[in-house]
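Heads up: the structure comes next, in structure tokens.
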Amino acid sequence: MAKSDAFTALRREIAAIPVIDTHEHLPNEADRLKQSVDFYTLFSHYCAGDLVASGAPADTMAKLADPNVPAPEKWTLFEPWYHHIADGSYARCAHLAMQRFYKVDRLASLKDAEKLTERIREANKPGLYRKVLKDACGIVTGLNNGGTGVDREFFTPVRFVSELAEVGALDRIWAVEKESGRACTSLARYVQAIGDILEAEKARGLKGVKLGFAYTRPLHFASVPAADAERLFNRVFDESQGWRAACLGYDETRPLQDYLVHQLAAMAGDLDLTAVFHTGIQAGNENHLDNGRPERLWNLLLRYRKTRFDIFHIGLPWVEEAGMLAKYFPHVWVDFAWAHAISPEIAARALKIYVDMVPRNKVLGFGGDYAVVEKVYGHLELARDNIARALADKVAEGALDPARAVAWARALLHDNPIAAYKLDIQPLD
């Protein structure tokens with residue numbers, strides 16, 4: 001079959017596949033409706049990093065984010081930098097959303113910005129999430145980083161737990177005491193309190209825990225003796241004072257973090273929760289990319305074989321490295337969350353590599369990873385194109401026949417996330 005014919009047929013099939021979205025940062029609809037929205041809303045998430053990289057000054061970025069700045073003033077500030085980022089895939093997600101929901105293709109003038117502002121404000125009312133996530137995207141559920149407070153009509157809860165392992169000050173211990181109802185007077189009691197919290201959330205439907213340490217440190221978590229971790233935990237009590245709440249710096253607290261991450265990985269396995277790790281590129285600017293190398297997780301993966309691990313963002317740019325972890329370990333999945341929006345070219349190449357290298361049931365195909373609901377649609381359109389393009393290439397090469405290419409697409413977008421997160425949803429295949 002010719003590549004173009006294979007792409008057309010696959011793209012049509014993929015459009016009809018119901019989607020399990022593996023990662024979002026979306027507020028509940030009621031909270032979104034309280035926001036002051038304008039044309040810049042669609043460029044506020046991820047595009048902001050590109051604006052900074054293009055040279056937009058800090059005061060410009062602050063005014064663009066300020067809901068009290070009128071849209072015409074924002075356009076004057078935004079327009080000189082917009083042209084530098086408008087062809088990137090972050091902006092492409094915004095443009096696809098604009099086209100679908102607001103009938104605006106690109107922003108060429110203040111008139112376009114005002115038209116988009118008017119239409120996005122008109123749409124900011126009850127029913128917005130159903131219109132976007134269900135009607136336009138066909139998303140069955142999205143694994144959303146809001147804990148068990150997320151709206152279950154649209155989301156399945158995942159909890160961000162990095163802060164539970166970041167114990168350099170008393171306020172973190174006190175927060176865990178308050179949430180758990182357990183006095184955390186020792187490290188052992190603190191760990192028990194974390195377990196109580198996660199067990200209670202599990203009973204309310206929690207399906208995963210996410211750790212985002214790649215933003216602050218390398219992903220190797222050493223095996224630290226409990227006694228060494230206990231000494232650091234005790235220092236938080238012994239050395240904190242009213243005017244010096246934080247007594248441990250990064251270098252000092254890292255062994256305690258290591259110990260607690262191991263505890264969280266073990267708890268995830270015991271509670272049948274999926275442990276999610278951010279790997280690869282970090283959002284924003286001036287990050288230390290090397291922190292995110294996925295291979296550094298090897299010792300955790302080897303030790304906690306009962307725990308399901310989801311390796312986010314395909315470790316981009318270390319996509320082969322992330323794929324090798326899913327190839328090595330039966331309890332590890334590699335996840336395209338955010339990846340299609342970062343670079344469709346890298347993501348499509350990665351999928352072709354994974355077809356060759358990784359079992360079909362070990363790859364998760366889409367996570368929007370957005371805080372702005374309309375942009376989930378734009379990202380999903382890029383993902384559907386990417387998946388069709390990569391699989392069509394494999395069909396043209398003779399590595400897949402058309403039926404097996406469709407089976408890959410169904411696994412990527414629907415069945416594999418069900419298995420990785422133990423969702424109570426019937427698989428397609």
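The values are calculated or read from the model by the stated rules, or taken from the named source; none is laboratory data. Computed from a prediction, not measured in an experiment: that's the story for all the values here. Reconstructed Cβ throughout: ideal geometry from the backbone, glycine too, with neighbour counts over all protein chains shown.
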Checked against (1) crowded, with 17+ Cβ neighbours inside 10 Å; (2) over 30 Å from Trp298 (Cα atoms), Ala347 satisfies every condition except (2)
Quick one: Asp290 ticks every box in (1) over 30 Å from Ala53 (Cβ atoms); (2) touching a residue at least 12 places away in the same chain (Cβ under 8 Å) except a single one, so which number is it? (1)
Does Asp385 qualify as being of a type in the set (D, E, K, R) and more than 30 Å from Arg32 (Cβ to Cβ)? no
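Where residues in region 22-54 are within 21 Å of Ser109 (Cα to Cα) and touching a Gly at 6+ places or on another chain (Cβ under 9 Å), which of them is surrounded by the most Cβ atoms within 10 Å (Cβ to Cβ)? First the steps, then the outcome.
Looking only at region 22-54, we keep the residues that are within 21 Å of Ser109 (Cα to Cα), and these are 37-44, 47-48, 50-51, 54.
Filter once more, keeping what is touching a Gly at 6+ places or on another chain (Cβ under 9 Å): 42, 47-48, 50.
Working: Leu42: 25, Cys47: 23, Ala48: 20, Asp50: 20.
This residue is Leu42.
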Does at least one position in region 55-62 carry a residue that is free of Cβ contacts under 8 Å to residues at least 60 places away in the same chain, surrounded by 18 or more Cβ atoms within 10 Å (Cβ to Cβ) and of a type outside the set (A, V, I, L, M)? yes
Might you check whether a residue that is of a type outside the set (A, V, I, L, M) and farther than 22 Å from Leu273 by Cβ occurs anywhere in region 189-199? no
When region 374-405 is checked residue by residue, the ones that are crowded, with 19+ Cβ neighbours inside 10 Å, over 16 Å from Gly142 (Cα atoms) and of a type in the set (A, V, I, L, M) are Leu382, Ile387, Ala388, Ala390, Leu391, Ala392, Val395, Leu400, Ala405
Give all pairs with beta carbons closer than 7 Å in which a residue from region 321-333 that is over 16 Å from Lys352 (Cα atoms) meets a residue that is surrounded by fewer than 18 Cβ atoms within 10 Å (Cβ to Cβ); count only pairs at least 6 apart in sequence or on separate chains. His331/Arg305
Looking at Val69, Val52, which is the one that is in a loop (DSSP other than H, G, I, E, B) and of a type outside the set (Lys, Arg)? Val69
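With the requirement that a residue be in contact (Cβ under 8 Å) with a residue 40 or more places away in the chain, part of a loop (DSSP other than H, G, I, E, B) and not aromatic (Phe, Trp, Tyr), what does region 122-156 give you?
Our first condition is that a residue be in contact (Cβ under 8 Å) with a residue 40 or more places away in the chain; within region 122-156, this holds for 124-126, 128-129, 132-133, 136-152, 154-156.
Subset that is part of a loop (DSSP other than H, G, I, E, B): 124-126, 137-138, 145-146, 150-152, 154.
Correct list: Asn124, Lys125, Pro126, Cys137, Gly138, Asn145, Gly146, Val150, Asp151, Arg152.
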With part of a helix (DSSP H, G or I) and basic (Lys, Arg) as the only criterion, which of Arg119, Arg106 stands out? Arg119
Which of the helices (runs of 4 or more DSSP H) found entirely inside region 304-417 contain at least 3 residues meeting this: under 22 Å from Val132 (Cα atoms)? 339-342, 373-397
Would you mind finding the one in Ala86, Ala16 that is surrounded by fewer than 19 Cβ atoms within 10 Å (Cβ to Cβ) and either modelled with pLDDT under 95 or closer than 30 Å to Val395 by Cα (or both)? Ala16
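Looking for whichever is among the hydroxyl-bearing types (Ser, Thr, Tyr), not in a helix (DSSP H, G or I) and not assigned by TED's automatic domain parsing to the domain that holds Gly208 here; the options are Thr41, Thr76, Thr22. Which one fits?
Details: Thr41 fails: not in a helix (DSSP H, G or I); Thr76 fails: not in a helix (DSSP H, G or I).
Result of the check over Thr41, Thr76, Thr22: Thr22.
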Listed residues Asn361, Asn299, Asn291, Asn285; which is surrounded by fewer than 17 Cβ atoms within 10 Å (Cβ to Cβ) and closer than 18 Å to Phe221 by Cα? Asn299
Would region 223-231 turn up any residue that is within 24 Å of the chain's Cα centre (by Cα), under 30 Å from Trp298 (Cβ atoms) and basic (Lys, Arg)? no
